[in-house]
Amino acid sequence: MTQNFGSANKPNLLSGMQPSAGSLHLGNYLGALVNWTKMQDDFNAYYVIVDLHAITVPQDPKELRDNTRRTAAQYIAAGIDTDKSALFVQSHVPAHAQLAWVLNCITGFGEASRMTQFKDKSQKTGADTASVGLFTYPILQAADILLYQPKAVPVGEDQRQHIELTRDLASRFNTRFGQTFEVPEAHILKETAKIYDLQYPQAKMSKSAADPKGLVNLMDEDSIIVKKFKSAVTDTEAQIRFDRDAKPGVSNLLGIFSLLTGESVSVLEDRFAGQGYGALKTELADAAVSVIAPIRARAHELLADQAELDRLLAIGADRANALAETTLAKVYERLGFIAATK
Ligand code: ATP
Ligand code: LTN
């Protein structure tokens, strides 16, 4: 089972996703997951479902449990191969929380205060009621990354600031205590891979969107997917062309179409020249259903056998723990912590 994983000649890679919803959406899939599946051949890939990050905002325990398994099932259904990659749950690897504490102690308060995600997310509830966990979220993310000595961290543009912080913390630790961490590179996915909300095409498609109509989910039934595309916001010009500023809705549909089918946007513009938005939406909905339906079906199969799914996650956790414990031991030693006698 483990023979494909852990090749010494391949560089490491790590990325993560929060189990913050029962379904991933098309933005997560086209913007992140498709790339993750492609990268697993060239890297020893560690993919982590970050439940510790999820509790930085309130979570219902039953929903968190369900969402964690549902996220895992969708990763696998979308092509993460548990033979090739380590797919695991963050709370199964204690070193994440342990290294996060150490990194908290070398991060400046001002430095952490400059992270824009906290400013954005805490505005929803007010900074006074936002948790301290939400404030230190990027430092836990740095720990996720640095434990696995990765060369590459594939993420969306929104994560750039967190990777910069991770690099700063790695270099700082290395300078103060001796070479310990690989300083990882962000592997920022192309801007074209940013998917926007179908109802509010200026906003990115997001799990935390207020209105579910603009979100196409991997776990949506076919009829719902079709309905969401049909009611996507466009404009009154009735011309199918890509112009992100003047025509955000139509441009988003063209972008999604292109990513789903591999046809370029200009080929699609030519193909749909003279046709109405209805034709574009119908064909796009068909294309989306043919990609999403098999993923959804496979995810349901995986979820029907919880013991098997949990077994796959346990294999991932073993692989992750092996490297994470080694890195943490080195960190503790460098810091001057005395080893516990066995
Ligand atoms: P939330 O809204 O709860 O913050 P999210 O939907 O933005 O969640 P994350 O779990 O934060 O999703 O992101 C997982 C991955 O998916 C990240 O690499 C992120 O960059 C990518 N991603 C999220 N939304 C989009 C999108 N609309 N287009 C492209 N990539 C996206
Ligand atoms: N903050 C990320 C999720 C995340 C992550 C990571 C991504 C947590 N730890 C480590 C890459 C590497 C997000 O919200 N998309």
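Return yes or no: is residue 282 in contact (Cβ under 8 Å) with a residue 40 or more places away in the chain, out of contact with any Ser or Thr (no Cβ under 9 Å at 6 or more places or on another chain), over 30 Å from residue 72 (Cβ atoms) and not in a loop (DSSP other than H, G, I, E, B)?
Here the answer is yes, as residue 282 does meet what is asked.
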Of the residues in the stretch 57-67, those that are touching a residue at least 40 places away in the same chain (Cβ under 8 Å), more than 10 Å from ligand 1 (Cβ to nearest atom) and surrounded by fewer than 21 Cβ atoms within 10 Å (Cβ to Cβ) come to 63, 64, 66
- Message: Going by what's in this entry, would residue 326 be described as of a type in the set (Val, Ile, Thr), surrounded by fewer than 19 Cβ atoms within 10 Å (Cβ to Cβ) and under 20 Å from residue 99 (Cα atoms)?
- Response: yes
When the stretch 71-113 is checked residue by residue, the ones that are polar (S, T, N, Q), over 24 Å from residue 219 (Cβ atoms) and buried (at least 24 other Cβ atoms within 10 Å of the Cβ) are none
All conditions in (1) within 16 Å of ligand 2 (Cβ to nearest atom); (2) assigned to a helix (DSSP H, G or I); (3) modelled with pLDDT of 95 or more; (4) buried (at least 16 other Cβ atoms within 10 Å of the Cβ) are true of residue 159 except (3)
Counted residues in the stretch 146-156 being in a strand (DSSP E or B) and more than 12 Å from ligand 1 (Cβ to nearest atom) come to 1
- Would you confirm whether any residue within the stretch 16-30 is near ligand 1 (Cβ under 9 Å from one of its atoms) and hydroxyl-bearing (Ser, Thr, Tyr)? yes
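Checking the conditions here, which among 220, 197 is surrounded by 20 or more Cβ atoms within 10 Å (Cβ to Cβ), of a type in the set (D, E, K, R) and near ligand 1 (Cβ under 10 Å from one of its atoms)?
Exactly one residue qualifies, and that residue is 197.
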With criteria (1) over 29 Å from residue 326 (Cα atoms); (2) at pLDDT 95 or above, residue 99 comes up short on (1)
*Looking only at the stretch 328-342, decide whether some residue is in contact with a Ser or Thr (Cβ under 7 Å, 6 or more places away or on another chain) and either farther than 30 Å from residue 181 by Cβ or among the acidic types (Asp, Glu) (or both).*
no
inquiry  = Regarding the stretch 123-145, can at least one residue be identified that is within 13 Å of ligand 2 (Cβ to nearest atom), hydroxyl-bearing (Ser, Thr, Tyr), part of a loop (DSSP other than H, G, I, E, B) and surrounded by 17 or more Cβ atoms within 10 Å (Cβ to Cβ)?
reply    = yes
Within the stretch 229-241, the count of residues that are touching a residue at least 24 places away in the same chain (Cβ under 8 Å) and either closer than 15 Å to residue 198 by Cα or aliphatic (A, V, I, L, M) (or both) comes to 8
Restricted to the stretch 41-51 and to residues being crowded, with 23+ Cβ neighbours inside 10 Å and over 10 Å from the mean Cα position of the chain (by Cα), the residue nearest to residue 88 (Cα to Cα) is 46
All conditions in (1) more than 16 Å from ligand 1 (Cβ to nearest atom); (2) assigned to a helix (DSSP H, G or I) are true of residue 74 except (1)
Residue hits (the stretch 204-226; more than 16 Å from ligand 2 (Cβ to nearest atom) and either at pLDDT below 95 or not in a loop (DSSP other than H, G, I, E, B) (or both)) are 210, 211, 212, 213, 214, 217, 222, 223, 224, 225, 226
Has the stretch 132-151 got at least one residue that is of a type in the set (S, T, N, Q) and farther than 22 Å from residue 58 by Cβ?
yes
Checking 100, 32, 21, 45 in turn, the sole residue that is small (Gly, Ala, Ser), part of a loop (DSSP other than H, G, I, E, B) and within 13 Å of ligand 2 (Cβ to nearest atom) turns out to be 21
Only one of 229, 337, 242, 257 is under 29 Å from the mean Cα position of the chain (by Cα) and in a loop (DSSP other than H, G, I, E, B), namely 242
When restricted to 175, 236, 180, the only residue under 30 Å from residue 11 (Cβ atoms) and exposed (fewer than 14 other Cβ atoms within 10 Å of the Cβ) is 175
Only one of 175, 166 is more than 10 Å from ligand 2 (Cβ to nearest atom) and within 16 Å of residue 106 (Cα to Cα), namely 175
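The values are calculated or read from the model by the stated rules, or taken from the named source; none is laboratory data. Nothing here was measured: the structure is a model prediction, and the numbers come from that model. FYI the Cβ positions are ideal-geometry reconstructions off the backbone, even for glycines, and counts take in every protein chain you see.
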